1. What does the extension gain come out to for Ser89 and Val18, with contour length at 0.36 nm per residue minus their alpha carbon separation?
2. Listed highest first by mean packing, meaning other Cβ atoms within 10 Å per residue, what order do 104-114, 136-146 come in?
3. Go through the range 188-194 residue by residue and turn each phi into a ³J(HN,Hα) via Karplus (6.51, -1.76, 1.60, θ = phi - 60°); whole Hz please, and just put x for glycine and proline.
4. Working with all protein chains in place, sort Asp172, Asp268 by solvent-accessible area computed with a 1.4 Å probe, largest first.
5. May I ask you to give the percent of accessible area on the range 227-307 that is carbon plus sulfur, with a probe radius of 1.4 Å?
6. Rank Glu204, Glu84 by accessible area, highest first, at a 1.4 Å probe radius?
7. Taking amide H positions as placed 1.01 Å from N in the peptide plane, with prolines and chain starts having none, which residues 5 or more places from Ile199, or on another chain, fall under 5 Å of its amide H?
8. How many Å² of accessible area per residue for the range 104-143, probe 1.4 Å?
Amino acid sequence: MKIDLTETTSSKINQALVSARRAIGTPAIGMVLTLVIVTDEENAYDALKSAGDASREHPSRIIAVIKRVSRSPRARRDARLDAEVRVGSDAGTGETVVLRLHGELANHAQSVVLPLLLPDAPVVVWWPEDAPADPAKDPLGALAQRRITDTYSAERPLDELAVRAATYSPGDTDLAWTRITPWRSMLAAALDQQPAEVIGATVEGESDNPSCELLAMWLADRLGAPVERTHSAGPGLTAVRMETKNGVIVLDRADGSLATLSMQNQPDRAVALKRRDTSELLAEELRRLDPDNTYASAVKFGVDKLHSGGEVTATPVAGAADQADKPAEAKAPAAKKAPAKKAASK
């Protein structure tokens, strides 16, 4: 069911939501959070589709904020709010409100969104494109427990990583980081099967792919070993090679779908490592609402060392006492104090 509202208010939108739920016979819907999407007309359809698919795992009230740029000075002075309310099959398993803010109102989006948030429920803000430099200080970002950006969509993804590190606040995360969760899990599992000190690693992937840089920094941060970043034609991240004292561990994915895990004295194994859709990435991020300390440590490590074709060299990992803020599964042994060093999984 869809309801179009022109020159409306937040109060009228709330009334429309209640009326729409009653009209379709579901006056009460169990929703677990509010997802605010800050986007533009060009990207709104894809973002709403991904959020709707993710809502099948996390029933949500989805609020899309679209700021309409006014061309004339007179139009910019006029403030107008148009809205579209969707419930039932048109809104996944929750409900969707599409807000179009015109004129001066576009500078005060938080005042429109605040009355529409679900009471006593977490708030997540997602910028599919054009994220602010400091999401936590953005008026909409300040309403949220979690703030999701995507450096892959930036014009200069690697420079954007440095911005994310400089302005990081607890609760920030990035879909470029979410994309490498299966890689991190597989590499950590490989080191569990073959414990050995890692003396060096190589990460291979597209030159402008921030996920490759994040994986390289994560390995350098957790292992305390030099990590070299090399380039390939892709797609995305293509291979990781870890040199250990017991042999070489290689995780190679040349086609973006099926990978091969090679370890010393073991047969090669095929591993499903397909590139995931945005809806899957978003659903993963909505599973946790606490700060991701592993991401914080990785994005802050060596961001200033990012350069084309260069080597990201780690300093020794601190002792356990210095890593108390990291999750138990993310803690790595101190460099030069333990016979084996293990990568952390998310």
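The values are calculated or read from the model by the stated rules, or taken from the named source; none is laboratory data. These numbers were taken from a predicted model, which means no experiment stands behind them. When we count neighbours, we look across all protein chains shown, and the Cβ atoms used for this are built from the backbone with ideal geometry, even at glycine. To get the accessible areas, we keep the full protein, side chains included, count just its heavy atoms, and leave off ligands, DNA and RNA. Shrake-Rupley method; radii C 1.70, N 1.55, O 1.52, S 1.80 Å.
1. Roughly 24.0 nm would be gained on extension.
2. Highest-to-lowest ranking by the protection proxy: 136-146, 104-114.
3. 5, 5, 5, 6, 5, 6, 9
4. From most accessible down to least: Asp268, Asp172.
5. 47 percent
6. Glu204, Glu84
7. HN-HN under 5 Å from Ile199: Glu243, Thr244, Lys245.
8. On a per-residue basis, 46 Å².
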